[in-house]
Amino acid sequence: MKFKIKDMDIGTGGPLVAILNEKDALKFDLHHTDRIKVTKGRKIETVVVDIAESSKAVPQGSIGLFEEVIDSLKLKNNDVVSIKLARKPLSIEFIKKKLDGIKLTKKEIDQIVWDIVHNKLSAIELTYFVAASYTNVMGIDETIMLTKAMAKYGNVLKLNKYPIIDKHSIGGIPGNRTTMVIVPIIAAAGFTMPKTSSKSITSPAGTADTMEVLAKVSFPINKLRQILKKTNACIVWGGSLNLAPADDKIINVERPLEIDAESQLLASIMAKKYSVSSTHILIDIPVGEGSKLKNKGEALHLKKDFEKIGKKLRKHVKVLITDGKQPIGNGIGPALEARDVLWLLKRDSRRPLDLENKCLLMASEMFNMVGIRNGRKKALEILDSGKAYKKMVEIIKAQHGKLTNPDKIKIGKFAYDIKSTKDGIVNGIDNRIISRIARVAGAPNDKGSGIYLYKHIGNKVRKKEKLFTIYSESREKLKYARDILKQADCIKIK
């Protein structure tokens with residue numbers, strides 16, 4: 001049957017969706033979320049059906065198409081297409097298996113990932129896959145198969161170099177901008193480090209959000225090769241490169257649910273490293289109350305899985321279990337974290353020393369992995385000599401950025417100071433509440449919003465002394481952030 005195209009001028013961000021008038025849907029016995037094949041010449045696309053209850057939205061004889069379908073089939077408004085019934089994707093049966101706790105095969109995992117990458121699953125179906133993997137955690141064999149499938153259905157950055165050094169933190173700790181310090185240290189030492197990073201899922205900022213304050217982070221893969229040739233390093237958003245694209249679609253589902261399924265976390269990290277041809281990979285697993293992992297036992301379990309996957313993928317993997325009981329650095333939120341990083345690289349007296357010490361520890365381990373002794377001493381020499389800052393400036397400029405002066409970074413103009421109500425010593429900082437406040441204040445979307453910490457665990461504090469400042473680009477969001485403070489005690493003083 002022929003239908004005239006109505007361009008809905010709406011994008012779903014992934015799933016392929018068409019809208020039929022309810023009378024046309026009735027003729028085909030179609031219901032919400034059923035599938036149809038839309039054909040234009042030799043081009044065919046299978047799409048999910050939504051139903052319009054009025055002719056105003058989609059009249060009879062027309063089919064409303066979302067932008068993803070329009071782009072895929074290269075259609076224009078008022079073009080004519082044919083439709084016919086289609087079966088649901090094969091992977092739906094495999095998702096049901098996972099919901100029942102049954103182990104999946106390589107073929108089944110490959111099919112699920114293929115359907116995710118090609119937008120064949122509706123938002124609900126993809127959510128069920130994420131939920132199934134969260135509830136019924138994949139075994140190590142399934143996770144390795146998921147890792148390879150995620151890497152297979154995407155671009156691979158092939159570099160004719162060895163070693164290629166990389167790192168990743170599993171996240172969950174506010175601040176913790178180690179990547180933006182370590183990358184210029186490693187690159188200044190003459191090694192290649194193509195760092196692709198994520199944007200925030202549940203935190204006030206991901207590395208890509210923070211780097212975006214200083215430079216562009218979205219590049220096609222050919223441009224990335226040019227940046228690497230020029231500077232030996234980069235700090236970019238992996239989502240723009242089509243590296244393991246299924247990962248970003250899964251992350252979009254995880255973000256509103258604020259979950260991170262273990263098997264998907266492992267596969268996500270290792271697929272991205274596999275896709276950029278990394279040979280030596282350092283994994284940071286922070287542990288502590290308020291972080292993703294609350295005890296060392298959970299961390300050791302995850303460490304073992306990372307090492308198993310690394311061995312299967314023929315990668316050198318080293319896992320560090322670090323202190324995650326409080327934020328790392330002082331700034332929390334993209335602009336505040338970027339300022340911390342530049343202060344550190346410029347050796348400014350305002351730099352956060354806890355962030356510096358963690359970066360030196362990690363850089364030391366990375367140097368040791370490639371046969372350099374006294375790695376901490378070498379990393380410190382590169383920092384103190386200004387070579388790391390110089391390299392960071394090169395990277396920023398290569399990524400079309402200009403902002404290299406920390407004092408020119410714009411911070412949210414609305415601010416509120418939180419002061420201590422008594423003398424004492426800081427005994428605890430709740431990572432989750434700190435993150436929540438910073439996000440409600442506007443981070444990471446509002447780059448200048450977030451929190452600046454003046455005190456960490458073990459610091460002495462006097463009554464009425466500042467503990468932290470909330471910054472926001474919106475007076476209203478600042479008010480909401482202050483409301484969160486009334487509900488929870490985020491810094492404990494004894």
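The values are calculated or read from the model by the stated rules, or taken from the named source; none is laboratory data. Remember, it's a predicted structure, so these values are computed and weren't measured experimentally. Neighbour counts are summed over all protein chains in view; Cβ atoms, including those assigned to glycine, are modelled from backbone coordinates with ideal geometry. In case anyone asks, the SASA skips ligands and DNA or RNA and just uses the protein heavy atoms, side chains included. Shrake-Rupley method; radii C 1.70, N 1.55, O 1.52, S 1.80 Å.
Filtered by the rule that a residue be buried (at least 20 other Cβ atoms within 10 Å of the Cβ) and out of contact with any helix residue (DSSP H, G or I) (no Cβ under 6 Å at 6 or more places or on another chain), segment 266-287 gives 269, 273, 276, 278, 284, 286. A Cβ distance below 9 Å, combined with a sequence gap of six or more or placement on separate chains, defines the contacts here; from segment 396-425, residues that are on the phi > 0 side of the Ramachandran plot reach residues that are in a loop (DSSP other than H, G, I, E, B) and at pLDDT 95 or above in the pairs 400/215; 400/216; 424/462; 424/463. Across segment 213-235, the number of residues qualifying as of a type in the set (A, V, I, L, M, F, W, C), part of a helix (DSSP H, G or I) and more than 20 Å from residue 185 (Cβ to Cβ) comes to 2.
Out of the residues in segment 120-151 that are of a type in the set (Asp, Glu) and open to solvent by 20 Å² or more (accessible area, probe 1.4 Å), which is nearest to the chain's Cα centre (by Cα)?
125
Working only within segment 231-247, note down all residues that are open to solvent by 10 Å² or more (accessible area, probe 1.4 Å) and touching a residue at least 24 places away in the same chain (Cβ under 8 Å). Matches in segment 231-247: 232, 237, 239, 242, 245. Consider segment 10-58 and keep the residues that are of a type in the set (Lys, Arg) and within 17 Å of residue 75 (Cβ to Cβ). The one that is most open to solvent (accessible area, probe 1.4 Å) is 42.
Residue count for segment 62-85 satisfying the condition of being open to solvent by 40 Å² or more (accessible area, probe 1.4 Å), of a type in the set (S, T, N, Q) and part of a strand (DSSP E or B): 0. Among the residues of segment 344-367, those that are open to solvent by 10 Å² or more (accessible area, probe 1.4 Å) and either in contact with a Lys or Arg (Cβ under 8 Å, 6 or more places away or on another chain) or free of Cβ contacts under 8 Å to residues at least 12 places away in the same chain (or both) comprise 349, 350, 351, 353, 357, 361, 364, 365.
With 452, 471 as the choices, which residue is under 20 Å from residue 173 (Cβ atoms), open to solvent by 40 Å² or more (accessible area, probe 1.4 Å) and part of a strand (DSSP E or B)? It would help to see each step written out before you state the result.
Working: 452 fails: open to solvent by 40 Å² or more (accessible area, probe 1.4 Å).
Sole residue among the options that is under 20 Å from residue 173 (Cβ atoms), open to solvent by 40 Å² or more (accessible area, probe 1.4 Å) and part of a strand (DSSP E or B): 471.
Residues in segment 310-339 that are in contact with a strand residue (DSSP E or B) (Cβ under 8 Å, 6 or more places away or on another chain), in contact (Cβ under 8 Å) with a residue 12 or more places away in the chain, open to solvent by 10 Å² or more (accessible area, probe 1.4 Å) and assigned to a helix (DSSP H, G or I): 339 alone. Among the residues of segment 86-119, those that are open to solvent by 100 Å² or more (accessible area, probe 1.4 Å) and farther than 24 Å from residue 247 by Cβ comprise 87, 100.
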